[in-house]
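The values are calculated or read from the model by the stated rules, or taken from the named source; none is laboratory data. Predicted model, so just to flag it, every value in this text is computed and none were measured. Neighbour counts run over all protein chains shown; Cβ positions are idealised from the backbone, glycine included. Remember, those area values only see protein heavy atoms, side chains included, never the ligands or the DNA or RNA. Shrake-Rupley method; radii C 1.70, N 1.55, O 1.52, S 1.80 Å.
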Amino acid sequence: MANSTFQPIKGNETLKDRTLEVLTDAILNGKIKPGERLNESQLARELHVSRAPVREALQQLQEQSLILNIPRRGMFVVSLDDEDIQKINSLRVVLEAEALRLARKNLTPQRDKKLEQLILAMETSEPTPMKLSMRIDFEFHRTIWSYSGNEYLVKILTSLTAPLFAHSVRTSMRSDRLRIVLDSHRPLYDFIQGNSTEPAEQVMLQHLSVRYNLPERFASLTAIT
């Protein structure tokens with residue numbers, strides 16, 4: 001990792017929270033590359049903080065599956081190949097389908113309004129940087145998961161998809177293609193509203209297929225594809 005990658009940490013936030021934010025943004029923006037080793041001491045020097053907030057931030061990034069701790073080697077930013085992406089998405093089809101069903105079951109007018117706001121934000125936004133687009137994309141999915149009422153499902157999906165969304169942010173995409181990806185969220189909202197008769201797995205599979213190649217490859221869903 002090159003010297004002077006970061007500016008010194010300043011502000012009113014706790015050092016741990018600010019350090020976490022800076023490192024997360026660096027991973028999403030590609031300042032810290034996939035597969036790159038993270039050195040706790042070096043990061044502390046560059047950020048002008050002690051090693052404690054860096055250590056805490058790295059632990060949280062590990063919990064979010066954005067970095068891996070490899071015994072006797074150190075911590076590295078997660079790097080995904082095509083097969084990794086397919087395996088993650090195959091699990092998403094199953095787990096997010098359950099989240100969709102539970103979100104529909106638990107839908108209230110207030111929750112519906114929140115989802116509608118996110119959908120409209122995605123569908124009416126002007127071309128924006130990939131990072132901003134993926135943030136609202138991720139927020140939409142996380143909102144659905146939170147409506148499931150199952151905090152363990154939320155935790156699993158958050159950990160599972162964090163490296164995938166980070167990978168998406170680092171992947172260049174034409175604005176017209178990004179527009180198609182953002183618009184592909186409407187069928188998920190229709191399902192939650194009860195306006196779709198398709199199985200939740202099929203809804204998720206169609207959504208993921210807009211962006212990813214063979215998202216069902218490692219799932220037993222061939223009967224409905």
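Descriptive notes on the structure:
- Unmet criterion (only one of (1) hydrophobic (A, V, I, L, M, F, W, C); (2) open to solvent by less than 30 Å² (accessible area, probe 1.4 Å); (3) at pLDDT 85 or above) for residue 6: (3)
- Among residues of segment 92-103 that are touching a residue at least 60 places away in the same chain (Cβ under 8 Å) and open to solvent by 10 Å² or more (accessible area, probe 1.4 Å), those with a beta-carbon under 6 Å from a residue that is part of a helix (DSSP H, G or I) and of a type outside the set (S, T, N, Q) at least six positions away or on a different chain give the pairs 95/157; 101/200.
- Among (1) surrounded by fewer than 14 Cβ atoms within 10 Å (Cβ to Cβ); (2) more than 19 Å from the chain's Cα centre (by Cα); (3) part of a loop (DSSP other than H, G, I, E, B); (4) modelled with pLDDT under 90 - the single one residue 223 does not satisfy: (3)
- Qualifying residue in segment 191-207 (condition: acidic (Asp, Glu), part of a helix (DSSP H, G or I), open to solvent by 30 Å² or more (accessible area, probe 1.4 Å) and within 20 Å of residue 98 (Cα to Cα)): yes
- Filter result for residue 194 (over 25 Å from residue 81 (Cα atoms), of a type in the set (Gly, Ala, Ser) and in contact (Cβ under 8 Å) with a residue 60 or more places away in the chain): yes
- Selection count where residues are open to solvent by less than 80 Å² (accessible area, probe 1.4 Å) and either among the hydrophobic types (A, V, I, L, M, F, W, C) or modelled with pLDDT of 95 or more (or both), scope segment 121-155: 18
- Residue-level check: of (1) under 30 Å from residue 76 (Cβ atoms); (2) under 15 Å from the mean Cα position of the chain (by Cα); (3) open to solvent by less than 50 Å² (accessible area, probe 1.4 Å), residue 178 misses just (2).
- Segment 167-185, residues that are under 26 Å from residue 67 (Cα atoms) and part of a loop (DSSP other than H, G, I, E, B): 171, 172, 173
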